[in-house]
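This is the structure I want to talk about, given as structure tokens.
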Amino acid sequence: MNHSVERLSRNQRIQHIILLVSMIMLSVTGLVLKFHSNPFSVWLIRIEGGIWVRGLIHRIFAIILILLSLYHILWVTFTDKGHSELMALTPRGKDFSDFFRKLAYNLGLSGRQPQFDKYDYLQKLQYWGVVAGTVVMVMTGMILWFVNQSMAILPKWAIDLTLLVHGWDGVMIFIVLFVFHLYNVHLNPEVFPMSRTWLDGSISLEQLQHEHTLEYNRLMSDKKNEK
């Protein structure tokens with residue numbers, strides 16, 4: 001008997017790994033410039049080969065992120081698998097009620113946890129947070145990349161605001177990736193030291209039943225109907 005099911009396809013895992021690598025490299029190369037006077041940043045810039053090389057690395061991974069984003073848009077728009085995943089990640093009214101039910105459970109005000117489908121409200125929040133963050137980073141990044149052309153049509157204050165938004169959005173993405181996402185997916189006690197779903201794409205039936213009860217019930221019902 002197979003005690004695990006596929007949760008992420010190979011396509012999704014490859015997209016995730018490319019996103020992971022590009023986000024890490026963009027965070028590292030971007031933050032060392034924002035906090036360039038920090039001794040650690042000075043050391044990193046020296047290792048990278050100087051400001052010019054740091055900028056080149058940053059732009060290379062920015063292009064990778066843009067290409068990945070374009071591919072992801074095509075994937076969720078024109079493939080059955082991608083579109084079904086997008087529908088599963090679309091926020092619904094149940095997500096808001098699930099949040100308050102989970103809050104009541106954590107505070108000891110309720111003895112029952114909410115039952116989640118394939119993606120719970122936190123996973124949807126992380127997905128759309130990445131989408132929004134990427135849109136902001138790409139738009140502001142392009143303005144700063146072609147700053148001379150941008151200054152021909154934008155006032156100086158808009159360029160300064162763009163620089164501010166790009167820098168602090170990068171900080172927020174770094175915090176979300178390495179604090180919020182890392183803990184929830186890998187370091188929380190239920191999966192510590194790491195969830196392997198992002199590597200092999202599978203999830204155990206026991207974990208699926210515990211964390212995504214509605215999806216588990218639907219899967220078991222489908223299997224029963226096949227017999």
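Mind jotting down a quarter of the surface of the convex hull over the alpha carbons of the chain, in square nanometres, one decimal?
In nm², the orientation-averaged hull projection of the chain is 16.9.
7 Å from Cα along Cα→Cβ at both Ser204 and Lys124: what's the point-to-point distance in nm?
Here the modelled spin labels are 2.8 nm apart.
May I pose another question? Which is farthest toward the positive dipole end of the range 4-226 among Trp145, Asn11, Ile60, measuring Cα position about the Cα centre, with Cβ charges +1 (Lys, Arg) and -1 (Asp, Glu)?
Trp145
Something else about it: Output the DSSP H helices from the chain with an along-axis C-alpha extent of no less than 30 Å and a mean Kyte-Doolittle hydropathy no less than 1.0.
51-78, 121-145
How far apart, in nanometres, would the label points at Arg218 and Leu70 be if each is projected 7 angstrom from Cα along the Cα-to-Cβ direction?
Here the modelled spin labels are 3.3 nm apart.
Sticking with this one: Please list the non-local residues whose amide H lies under 5 Å from the amide H of Ser4, H modeled 1.01 Å from N, same-chain partners needing a gap of 5 or more.
Leu205
Further question: Given labels modelled 7 Å from the Cα in the Cβ direction, how far is it in nm from Trp168 to Tyr183?
Label at Trp168, label at Tyr183, 2.2 nm between them.
Please report, in debye to the nearest 20, how large the charge dipole of the chain is about its Cα centre when each Lys and Arg carries +1 at its beta carbon and each Asp and Glu carries -1 there.
Here the chain has a charge dipole of around 80 debye.
Under the rule of -39500 (n - 2.57) per DSSP H run of 4 or more residues, summed and divided by the residues of the chain, what mean residue ellipticity at 222 nm is obtained, to the nearest 500 deg cm²/dmol?
-23000 deg cm²/dmol
First measure r as the distance between the Cβ atoms of Leu107 and Val131, then evaluate 1/(1 + (r/R0)^6) with R0 = 35 Å and state the FRET efficiency to the nearest 0.05.
That gives a FRET efficiency of 0.70.
If each residue of separation counts as 0.36 nm, what is the full-extension length gain between Asn225 and Met151 once their alpha-carbon separation is subtracted?
Full extension from Asn225 to Met151 adds 20.3 nm.
Determine which residues of the range 9-25 fall in the zone a paramagnetic label at Thr79 would reach in this model, i.e. backbone nitrogen under 20 Å from the point 7 Å along Cα→Cβ.
Under cut-off, by backbone N: 9-23.
Just so you know, all these numbers are worked out from the coordinates, no wet-lab data involved. In this text, all values refer to a predicted model and were calculated from it rather than measured experimentally. Here the Cβ is made from the backbone with ideal geometry for all residues, glycine too, and neighbour counts use every protein chain on show.
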